[in-house]
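Working notes, structure below.
What follows draws every value from the coordinates through simple rules; no lab data is involved. In this text the structure is predicted, and so the values were computed from the model without any measurement. With ideal geometry, Cβ positions are generated from the backbone for all residues, glycine too; neighbour counts draw on all protein chains shown.
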Amino acid sequence: MRCRKIVVIDASPLIYLAKAGYLEFVARVYDVYVARAVFEETTVKEYLRDAREIIKAATGGLIKVLEVEDTVRVRELIERRYAPFAVGEAETVVIFFEVRADYVLFTNHKAASRALREGVAGISLDDAAREAYRLGLFSRNDVLRYIRDLKDKAGYYPLRMRLLEKEFKSA
């Protein structure tokens with residue numbers, strides 16, 4: 001029986017977490033997996049700080065980079081006529097099933113909707129903060145700092161984060 005939940009992270013949230021300095025945080029909350037295509041997409045510009053942080057997290061064992069086994073299913077998701085997936089998204093969905101993950105961490109709502117239709121349970125960056133708080137890894141102030149850092153350092157501040165901020169400011 002495994003103790004921690006498994007999450008597969010798509011490219012955008014991986015970049016946001018790296019920019020804000022929270023890759024280590026997410027690895028404390030979950031066992032983290034990343035598809036090879038997502039890793040390559042997010043580290044192609046090695047001179048960027050977020051790319052270097054992702055490489056460091058992978059070489060340090062915080063995130064596990066996986067090769068997809070079911071390449072036929074990946075190709076089907078990419079080539080389908082209705083709502084096709086990008087390569088990284090398709091590999092992320094397939095790895096979700098291959099490792100029997102609990103969630104995929106998305107920030108792109110269209111990708112999350114397509115994945116949901118495939119039977120994937122999706123979460124977003126605000127859900128990760130709630131989970132850290134529930135597990136006692138984050139205090140209320142830590143959650144608020146996480147929101148601020150994602151906003152200021154990564155430029156990520158959608159409605160879901162504003163609602164989370166309001167929830168934790170009033171608590």
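Tabulated values for the structure
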| read-out | value |
| --- | --- |
| Counted residues, the range 100-137 - those being surrounded by fewer than 18 Cβ atoms within 10 Å (Cβ to Cβ) and hydroxyl-bearing (Ser, Thr, Tyr) | 1 |
| Residue count, the range 50-82 (criterion: surrounded by fewer than 20 Cβ atoms within 10 Å (Cβ to Cβ), part of a helix (DSSP H, G or I) and more than 18 Å from the chain's Cα centre (by Cα)) | 7 |
| Condition check for ALA51: without any contact (Cβ under 8 Å) to a residue 40 or more places away in the chain and among the aliphatic types (A, V, I, L, M) | yes |
| Residues that are among the hydroxyl-bearing types (Ser, Thr, Tyr), closer than 16 Å to ALA20 by Cα and in a helix (DSSP H, G or I), drawn from the range 132-171 | TYR146 |
| Scope the range 13-49; condition closer than 18 Å to GLY60 by Cβ, of a type in the set (A, V, I, L, M, F, W, C) and assigned to a helix (DSSP H, G or I); matching residues | LEU14, ILE15, LEU17, ALA18, ALA20, LEU23, PHE25, VAL26, ALA27, VAL29, VAL38, PHE39 |
| Odd one out for LYS151 among (1) within 19 Å of SER12 (Cα to Cα); (2) crowded, with 18+ Cβ neighbours inside 10 Å; (3) not acidic (Asp, Glu) | (2) |
